[in-house]
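Colleague: After the structure tokens below, expect a handful of questions from me.
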Amino acid sequence: MTMIVAGLGCSHAPSIAHAYDAGATREPGWKPLFDAFARARRWLGERRPDALVVIYNDHVDNFFFDTWPAFAMGVAGEYQIADEGWGPRRFAPVPGHPALARHLAARLLESGIDLATSRRMELDHGFLSPMPLIDFEQGWRAPVVPLTINVVLEPLPTPARCWALGEALGAAVASYPGDLRVAVIGTGGLSHQLAGPDFGKVFPRWDLEFMELLERAPQSLKDYTMADFARRGGEHSIEVVQWMAMRAALPADSRMELKYYYPFGLMGYGIAGFRPAQAD
Amino acid sequence: MNQHAVNVYEISRLLYDLRQPANREACRANPQAFYRRYAIGEDGLRLLAGPDWQELVDAGVSIYLLTKLAATLGVSLIEVGAAMRGMSKEQFERFLGEQNRRNRALAVLPEEET
């Protein structure tokens, strides 16, 4: 039986990519974060996933304002690395899992989630800043299904709708034929504010409260609006809906096994790992 | 998007095109000539000539697009942030250092990896 064997929420940011590419992962400021990612990588490896569904948001690197889907799933065989303005990072194209992706997209549409599909998606730092830290070993370890949520071009989907996406995704994964072990990753956040007089302000108390809610009362997050998230964690922290969708995809009785938090520089960086009770 | 004062769509298109190395080169070689390829009007030219980062955001331009201009011009995100706060780079770095120290007690971290 195909099942979700792990859920992981983690931050994404150009800063993570830049520190990694500059070989700064052992510098005093950055080491705590990269140590936490190393733990997450081992933890995810022990869950032995065959495929990863990665829920993230694009930052106007793939999508543009001509058309921006609320939700979009990649159904391609592989994904190229985006050039965000600094040149593409030196990673091989990421292998996709088109059979799983097509199945998931069809089931999601049947269950009332009207998502777009894409046969050519370039992956930006929303995907690529954390993924080499948690699923790369000489090459990419597991094929992926990228799934984006629009947090850029208003109007945005509501957090409750992002939760519904996650719930439907969980059911869609469980209905995939065979015995695939699937991990669901949600990237983004936590607190950051990248405009105005509060540029660079971090909101650690809210970040910790958010992770606590995600662990103990995740459904309560459905009552928040995007504006609520922006007020509590800064305008750009609304990316936490990707963590919500990840959590919603997992069985309710999943346990948080991993929790790290590092407020540093412009961001509150977080990592949280969930294990479904039934998953061996 | 706010369309009444500045052509945000067209400015966004210009910034989106900076994903291509040839456009970044053209922009670096002669910014004004590159900007004039787009129908961004005199207001758009004025905002980009600074660049006035905060006014661009206020007009409705996404920070995620402005980072492409910053990357092209060799301006760091810290410098963009300092400009938006009305601070020097040094002042903003001092603020961030103080914030790091203040928040450190709230970190939840694993044992150090060797």
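Colleague: Would you kindly find the accessible area of A:His192, with a 1.4 Å probe and non-protein molecules such as ligands, DNA and RNA excluded, rounding to the nearest 10 Å²?
Modeller: Counting only protein heavy atoms, A:His192 exposes about 10 Å² to solvent.
Colleague: Averaged across A:59-65, how many Cβ atoms of other chains sit within 10 Å of each residue's Cβ atom?
Modeller: 5
Colleague: Could you give the nm distance between label points at A:Ala174 and A:Glu215, where each point is 7 Å from its Cα heading toward the beta carbon?
Modeller: 2.5
Colleague: Per residue, how much accessible area does the protein assembly as shown show when a 1.4 Å probe rolls over the protein heavy atoms, in square angstrom?
Modeller: 40
Colleague: If a/c stays under 1.5 just call it rounded; otherwise compare a/b with b/c (prolate if a/b is bigger, oblate if not). Do that for the range A:119-178, with a ≥ b ≥ c from the square roots of the Cα gyration tensor eigenvalues. Before the final figure, lay out each step's value.
Modeller: Numbers: a/c = 2.32, a/b = 1.23, b/c = 1.89.
Here the range A:119-178 falls in the oblate category.
Colleague: Turning to a different aspect of this structure: For B:Glu111, B:Glu25, give me the order by solvent-accessible area with a 1.4 Å probe, most accessible first, ignoring ligands, DNA and RNA.
Modeller: B:Glu111, B:Glu25
Colleague: With each label point set 7 Å from Cα along the Cα-Cβ vector, what nm distance links B:Asp43 and B:Glu55?
Modeller: 1.1
Colleague: Enumerate lysine pairs in the protein assembly as shown that are 8 or more residues apart or on different chains, then count those whose Cα atoms are under 23 Å apart.
Modeller: 7
Colleague: Rounded to the nearest percent, how much of the accessible area of the protein assembly as shown (1.4 Å probe, protein heavy atoms only) is carbon and sulfur?
Modeller: On the way: 7770 of 15710 Å².
Answer for the protein assembly as shown is 49 percent, counting heavy atoms of protein chains only.
Colleague: Once amide H atoms are built 1.01 Å from N in the peptide plane, which residues 5 or more positions from A:Tyr79, or in another chain, come under 5 Å H to H?
Modeller: Here A:Val94, A:Gly96 satisfy the definition.
Colleague: Another one. Using a 10 Å cut-off on Cβ to Cβ distances, tally the other chain neighbours for every residue of A:21-31 and report the average as a whole number.
Modeller: Counting Cβ atoms of other protein chains within 10 Å of each residue's Cβ and averaging gives 1.
Colleague: Not counting ligands, DNA or RNA, and with a 1.4 Å probe, what is B:Arg28's accessible surface area in Å² rounded to the nearest 10?
Modeller: About 130 Å², ignoring ligands and nucleic acids.
Colleague: Cβ neighbours within 10 Å, averaged per peptide: list A:171-179, A:227-235, A:150-158 in order, most packed at the top.
Modeller: A:227-235, A:150-158, A:171-179
Colleague: Moving on to the next point. Take every Cα pair under 8 Å in chain B that's 6+ residues apart, average their separations, divide by the length, and report that relative contact order as a whole percent.
Modeller: Working: 88 pairs, mean separation 28.4, N = 114.
Once normalised by length, the contact order is 25 percent.
Colleague: A:Arg26 versus A:Asp223, label points 7 Å from Cα toward the beta carbon: distance in nm?
Modeller: According to this spin-label approximation, the distance is 4.9 nm.
Colleague: Quick one: ranking B:Lys68, A:Lys31 by accessible area, 1.4 Å probe, largest first, what do you get?
Modeller: On the way: B:Lys68 0, A:Lys31 25 Å².
Greatest to least solvent exposure: A:Lys31, B:Lys68.
Colleague: Please list A:Thr25, A:Thr148 in order of solvent-accessible area, largest first, computed with a 1.4 Å probe with all protein chains present.
Modeller: Ranking A:Thr25, A:Thr148 by accessible area, largest first, yields A:Thr25, A:Thr148.
Colleague: Now for a separate question. Could you order peptides A:47-59, A:123-135 by the average number of other Cβ atoms within 10 Å of their residues, highest first?
Modeller: Sorting A:47-59, A:123-135 by mean packing, highest first, produces A:123-135, A:47-59.
Colleague: Sticking with this structure for a sec: Between chains B and A, what is the buried accessible area in Å², counting both sides, with a 1.4 Å probe and ligands, DNA and RNA left out, to the nearest 100?
Modeller: Its buried surface, counting both partners, is about 3600 Å².
Colleague: Something else now. How crowded by other chains is A:261-272, given as the mean number of beta carbons from other chains within 10 Å of each beta carbon?
Modeller: Numbers: counts 5, 7, 8, 6, 7, 5, 0, 3, 1, 1, 2, 0.
Mean shielding by partner chains, rounded to a whole number: 4.
The values are calculated or read from the model by the stated rules, or taken from the named source; none is laboratory data. Keep in mind the model is a prediction, meaning the values are calculated, not measured. FYI the Cβ positions are ideal-geometry reconstructions off the backbone, even for glycines, and counts take in every protein chain you see. Accessible surface areas use protein heavy atoms only, side chains included; no ligands, DNA or RNA. Shrake-Rupley method; radii C 1.70, N 1.55, O 1.52, S 1.80 Å.
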